[in-house]
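The values are calculated or read from the model by the stated rules, or taken from the named source; none is laboratory data. Bear in mind that the values here come from a model prediction, so they are computed numbers and not experimental data. Here the Cβ positions follow ideal geometry from the backbone for every residue, glycine too, while neighbour counts run over all protein chains shown. All accessible areas refer to the heavy atoms of the entire protein, side chains included, with ligands and DNA or RNA removed. Shrake-Rupley method; radii C 1.70, N 1.55, O 1.52, S 1.80 Å.
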Amino acid sequence: MKNTGINTLGGEDRQTKDNTISGLDSRFNQTLRNVQGLLKGRSIPGKVLLTRRSDVIDPSSISEKSSNYSRSLSHNDIGTSNRIAKSEEEDIQIMNNNTIVSKSKSSTSNTEDLAKEVQKPIMGARATDSARVLKFTKLLSGTTIISDKLRELAWSGVPPYMRPNIWRLLLGYAPPNSDRKEGVLRRKRLEYLDSVAQFYDIPDTERSDDEINMLRQIAVDCPRTVPDVTFFQQAQVQKSLERILYTWAIRHPASGYVQGINDLATPFLVVFLSEYLEGGVEKWSISDLSPDKITNIEADCYWCLSKLLDGMQDHYTFAQPGIQRLVFKLKELVRRIDEPVSRHMEEQGLEFLQFAFRWFNCLLIREIPFHLVTRLWDTYLAEGDSLPDFLVYIFASFLLTWSEELQKLDFQELVMFLQHVPTQNWTHQELEMVLSRAYIWHSMFNNSPRHLVS
C-alpha cells in the first residue's frame, strides 16, 4: 500500500509538471496566433506606436484588462529587449481609432510577463509628440547625455531638426559630454581631411591597380545612387559621395568597397546637409554651401558610416558571411511566424537569398520611399550593436506585410514582386506598423531560439 501511495504521488507530480508545460506551450501558441492575426489585422488592428511611459497609471483610469499578449522576460534580453529589462516600466501603446492599449511590465524578476493591457482614450493620432520633443530637449540640455535614455526615445523616431546631433550621439561619434563635443568634432574632421589628402587627392600613378579599379567602380556607382531623388544627381554631391566612399574603403582594407555601401552613406549625407539647407531635399543645391561646410558634412558622414559598419564588418568582407547568416535566420523566423507563406515560397523554389540579400546589403534603402529612410534609421541607430539581429525581425515584418498576396504568386511573379515591392505610396503609418511588429516578435523570439525550431 505504501508503494502504491508513493507511485500515486509521483504520478500526481508528473501530471502537475505536464500540465505546467502544457500550459506554457498553450500560452506561447496563443501568443503566436495573436501575432499571426496581427498580419491580417485581426488581433491588433490599426497603428501600433511604441513609447515609454514615465508616469504611473492611475488604477481608476483602467477600464479594461486583457491577457492576449504575454511572455516570459529573460534576464539576457539584448537590444530593444535589454532596454526593456532595465527599465522600471514600459508601455507598448497600440492605437486603434481613438484608443490606446497600453502594456506595462516590471523588471524585478527574470520571469515576469508582458501581461496587462489597459485602454485609454487619446486626442489625435500622435498625442505624445509634443511631450516627446520636450523629453528630447530636456535630455540634450544636460551636461552629460545618458545614452540609454537617448536610445529609448530615439527608437520611436527623432524630430527632424534634432537628427544631426542625435545621430552623432547614438553612433558614438560625438561624446556624451557636451563640454568635449566641439573639440572632438574638430579633431575628427581634421583627421578626415588628412585622410582625403593622403589617399584621394593623389594622382593615379601613386595608386595600386586594385585601388584604381576600386575608385572606378565607386565613380560608376555614385550616379546610380538613389536615382529617383534628383538631389543625388548633382555632380558635386556625387563627388562628395565618391570621396567619402573611397577614403572609407582605403582605410578599411578587410572589406574595401562593396556595392551597396554607397546607399548606406546617403541617409547621413541628407541628415547632415539638413543643418545648412532648408526646405525639402528636392529643392537643395549643394553649391549653396561653402567648401568648409561641405568638408564638415563629408567628415561627419564618413565617421558615422564608419561607426555603423564597425558593428557589421562581416557583412561586407569576402563572400559577405554576415549577410548570409542573417538571411538564413530570416527564413527560419518567417517559417515559424507564417508557415503557409514559408511553405508556398519553398514549393515555388524561391530562395530567400534571391531577394533578401539586397535587403540586408542596403538596409532596405532601395525598398522604401527615400523620405521614410531617415525615420527607419532612427530605429536602426537606436538599436546600436544589436542592429544586425534586429534587422531579421524588421525584414520579416516587412516581408509578411504582403502575406496573403505572396501565397497567390508563382515563382516568376514572386521574384518580380519582391524585387519591386509596392511601397511607392507608403506613409509613416505603414513603416510604424512594420517596426511595431518587429518589436513584438523580437520580444517573443530573440531569447527563445528553440521556438524557431520545428
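Does region 232-246 contain any residue that is touching a Ser or Thr at 6+ places or on another chain (Cβ under 6 Å), modelled with pLDDT of 95 or more, farther than 13 Å from Glu298 by Cα and open to solvent by less than 70 Å² (accessible area, probe 1.4 Å)? Yes, some residue in region 232-246 is touching a Ser or Thr at 6+ places or on another chain (Cβ under 6 Å), modelled with pLDDT of 95 or more, farther than 13 Å from Glu298 by Cα and open to solvent by less than 70 Å² (accessible area, probe 1.4 Å). Set side by side, the residues Glu282, Glu298 differ, and just one is at pLDDT below 95 and out of contact with any Cys (no Cβ under 9 Å at 6 or more places or on another chain), which is Glu282. Picking from residues in region 162-172 that are surrounded by fewer than 22 Cβ atoms within 10 Å (Cβ to Cβ) and in contact (Cβ under 8 Å) with a residue 40 or more places away in the chain, the one that is farthest from Phe268 (Cα to Cα) is Gly172. Checking each residue in region 241-256 for being touching a residue at least 60 places away in the same chain (Cβ under 8 Å) and either under 14 Å from Cys222 (Cα atoms) or charged (D, E, K, R) (or both) picks out only Ile244. Restricting attention to region 247-263 and to residues that are under 26 Å from the mean Cα position of the chain (by Cα) and part of a helix (DSSP H, G or I), the residue that is nearest to Asn213 (Cα to Cα) turns out to be Ala249. Among all positions in region 368-385, there is no residue which is acidic (Asp, Glu), at pLDDT below 95 and touching a helix residue (DSSP H, G or I) at 6+ places or on another chain (Cβ under 7 Å).
For Thr266, are the conditions met, namely being crowded, with 18+ Cβ neighbours inside 10 Å and within 27 Å of the chain's Cα centre (by Cα)? Criteria met by Thr266. Name the single residue, out of those in region 314-363 being outside any helix (DSSP H, G or I) and in contact with a Leu (Cβ under 8 Å, 6 or more places away or on another chain), that is surrounded by the fewest Cβ atoms within 10 Å (Cβ to Cβ). Among those residues, the one meeting the criterion is Gln348.
Looking only at region 300-313, residues that are part of a loop (DSSP other than H, G, I, E, B) and acidic (Asp, Glu) come to 0 in all. With within 29 Å of Glu282 (Cα to Cα), open to solvent by 10 Å² or more (accessible area, probe 1.4 Å), more than 11 Å from the chain's Cα centre (by Cα) and not aliphatic (A, V, I, L, M) as the only criterion, which of Thr427, Thr423 stands out? Matching residue, one of Thr427, Thr423: Thr427.
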